[in-house]
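S.K.: Dumping the structure here so I can ask a few things about it.
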Amino acid sequence: MQALESVKAQVQAALDVAIGALPPGELRDAMGYACVGGKRLRAFVVMESARLHGVADAAALPVAAAVEALHAYSLVHDDLPAMDDDDLRRGQPTVHVKWSEATAILAGDALQALAFDLLADPAVGDDTARIRLIRAFAAAVGGAGMVWGQALDIAAETSSEPLDLAAITRLQGGKTGALIEFAAMAGPLIAGDDPAALSAYARALGLAFQIADDILDVTGDETATGKRVGKDDAAGKATFVSLLGLDGARARARALTGEAIDALSPYGENAGNLRELARFVIERDT
């Protein structure tokens, strides 16, 4: 997707500037390292949701960078030995492997703080718009959103009761879906418009994205994905694939893609990029 590649470059440049302004040293290096690469789907959703609501790119870009900084923090912490204990991310050693666990924890903490700083950028909008964004962001990534989903994931690893489909859907709606939903709502939140349609789009997209990840963990190639594959099955984790089977998981992802596309109907042809993204999510190999 050409539009996605353009957003990748813009967001990387914005993150480089923000992190480059910090005091030099290992912490700054680790933060910058954690923010290199990635699909930037969340940033792309921010920019497209803003465009659909008449918000200028200059106002949306700090929000897109904030979302990616927060996402990078979540990956750095998720890779830690106390969490998923991964040694490979985006084709490179994870932060705690390249430096240390302490540096990885601090880099994640600093990236989270940076995300909120970026949201407070006056370029985003007036005080009211920025407060709306910051409150929605905090809800999406905290104890009722992403971190809550991560906590459910960890708890499931030691539970004697295997997760059913409803429980996995709830878990992933927090761990993966909440930040994607915020990204979709960013444009209308800045503009003071109704985010309902884009919120529905993102809920379906987020689940489709996670199902695609579960499929790639079974069928993917480590070189292409840039991370270890087969870990969920080896750990005996319940996933959409383990519960639905490969064919069932693929069918569910396709159905969710259809739901996401249908949710964009109020925007007509203007939402073409987001429709293309929904299809890309389940067709990707990374």
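S.K.: Name the one entry in ILE134, ILE215 that is out of contact with any His (no Cβ under 7 Å at 6 or more places or on another chain), of a type in the set (Val, Ile, Thr), surrounded by 15 or more Cβ atoms within 10 Å (Cβ to Cβ) and without any contact (Cβ under 8 Å) to a residue 24 or more places away in the chain.
M.R.: ILE134
S.K.: Please work out which residue is farthest from the chain's Cα centre (by Cα), limiting yourself to the range 227-263 and to residues that are of a type in the set (Asp, Glu) and open to solvent by 40 Å² or more (accessible area, probe 1.4 Å).
M.R.: The extreme case among them is ASP247.
S.K.: Among the listed residues ALA82, ALA113, identify the single one that is over 19 Å from the mean Cα position of the chain (by Cα), free of Cβ contacts under 8 Å to residues at least 40 places away in the same chain, open to solvent by 10 Å² or more (accessible area, probe 1.4 Å) and over 25 Å from ASN270 (Cβ atoms). Walk me through it before giving the result.
M.R.: Details: ALA113 fails: over 19 Å from the mean Cα position of the chain (by Cα).
Answer to the selection: ALA82.
S.K.: Right, next: Hey, can you tell me all the residues within the range 80-95 that are under 18 Å from THR223 (Cα atoms) and either in contact with a helix residue (DSSP H, G or I) (Cβ under 8 Å, 6 or more places away or on another chain) or modelled with pLDDT under 95 (or both)? Don't jump to the end; show me each part of the working.
M.R.: First, pick out the residues of the range 80-95 that are under 18 Å from THR223 (Cα atoms): 86-94.
ASP86, ASP87, LEU88, ARG89, ARG90, GLY91, GLN92, THR94 - these are the residues of the range 80-95 that are under 18 Å from THR223 (Cα atoms) and either in contact with a helix residue (DSSP H, G or I) (Cβ under 8 Å, 6 or more places away or on another chain) or modelled with pLDDT under 95 (or both).
S.K.: Here's another thing I want to ask about it. Could you give every pair whose Cβ atoms fall below 7 Å, whose first residue belongs to the range 31-42 and is farther than 19 Å from ASP109 by Cβ, and whose second residue is aliphatic (A, V, I, L, M) and not in a loop (DSSP other than H, G, I, E, B), counting only separations of at least 6 or pairs across chains?
M.R.: ARG40/LEU4; ARG40/VAL7; ARG40/VAL11; LEU41/LEU277; ARG42/VAL67; ARG42/LEU179; ARG42/ILE180; ARG42/ALA183
S.K.: Identify the single condition in (1) open to solvent by 20 Å² or more (accessible area, probe 1.4 Å); (2) touching a residue at least 24 places away in the same chain (Cβ under 8 Å) that LEU277 does not satisfy, given that it satisfies every other one.
M.R.: (1)
S.K.: Follow-up question, since we're still on this one. Of these, ALA123, ALA151, which one is more than 25 Å from SER242 (Cα to Cα) and out of contact with any Phe, Trp or Tyr (no Cβ under 6 Å at 6 or more places or on another chain)?
M.R.: Only one candidate passes the filter, namely ALA123.
S.K.: Checking GLY220 against (1) in contact (Cβ under 8 Å) with a residue 60 or more places away in the chain; (2) under 22 Å from LYS175 (Cβ atoms); (3) more than 20 Å from the chain's Cα centre (by Cα), which test does it fail?
M.R.: (3)
S.K.: Would you point out the residue of the range 17-45, among those that are aliphatic (A, V, I, L, M), part of a helix (DSSP H, G or I) and over 11 Å from the mean Cα position of the chain (by Cα), that is surrounded by the fewest Cβ atoms within 10 Å (Cβ to Cβ)?
M.R.: Of everything passing the filter in the range 17-45, VAL17 is surrounded by the fewest Cβ atoms within 10 Å (Cβ to Cβ).
S.K.: Can you pull out the residues in the range 85-110 that are touching a Phe, Trp or Tyr at 6+ places or on another chain (Cβ under 9 Å) and either outside any helix (DSSP H, G or I) or buried (at least 22 other Cβ atoms within 10 Å of the Cβ) (or both)?
M.R.: Scanning the range 85-110 gives GLN92, VAL95, TRP99, ALA107, GLY108.
The values are calculated or read from the model by the stated rules, or taken from the named source; none is laboratory data. Keep in mind that what you see is a predicted model, and the values were worked out from it rather than measured. Methodologically, a virtual Cβ is constructed for each residue, glycine included, from the backbone with ideal geometry; neighbour enumeration extends over all protein chains shown. For the accessible areas, the whole protein counts, side chains as well, though only heavy atoms, and no ligand, DNA or RNA atoms are used. Shrake-Rupley method; radii C 1.70, N 1.55, O 1.52, S 1.80 Å.
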